[in-house]
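Participant: My structure is below; once you've seen it, I'll send some questions.
Every read-out reported here was derived from the displayed coordinates using simple, explicitly stated rules and does not represent laboratory data. Please read these numbers as outputs of a predicted model, since none were measured by experiment. Here Cβ is always computed from backbone atoms with ideal geometry, including for glycine, and neighbour counts include all displayed protein chains.
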Amino acid sequence: MPWDPVRDLLGMQERLETLFGLPTAGWVPPVDLAELSTEYRLTVELPGLRRDDVTIESSDDALTIRGERPAETCRDRLQQFERGQGQFARSFRFAHTIAGDRITADLVDGILTIVVPKRDEPPPARRITVD
């Protein structure tokens, strides 16, 4: 797995805020994004979340995933606190226009898989000879 300095810094900030009892602003679920010839495939780790906890929105070249994991109620008894809680949002921009009406999403065993088809590109321009 390649090093992601932003993810590591966000994780460290969240841990420090937790140590000092500060409320955390949210968390960042890990995402794998693959580009295939006809689609993009996102795999998001969301353990403990239900389908109703997640919202997915799309536009011509972007996708946003939002959700929330409720805060633990017995926070003062926790010995170690590593799982993120609260709200999260992840947005992705794509190089190709996406077919928002054909996006599918499935949440199984805490893994959200989103298939984002690429919109069919128009045929290339062609030159027409005038007779």
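Participant: Going by how many other beta carbons lie within 10 Å of each one, how would you line up Trp3, Trp27, fewest first?
Facilitator: Numbers: Trp3 6, Trp27 17.
Fewest to most other Cβ atoms nearby, the residues stand as Trp3, Trp27.
Participant: Turning to a different aspect of this structure: Compare the peptides 97-105, 29-37 by average per-residue count of other Cβ atoms within 10 angstrom and give them in order, highest first.
Facilitator: Highest to lowest by the protection proxy: 97-105, 29-37.
Participant: Provide Asp8, Asp61 in ascending order of the number of other Cβ atoms located within 10 Å of each residue's Cβ, fewest first. Show your work: numbers first, answer last.
Facilitator: On the way: Asp8 10, Asp61 14.
Taking fewest neighbouring Cβ atoms as first place, the list is Asp8, Asp61.
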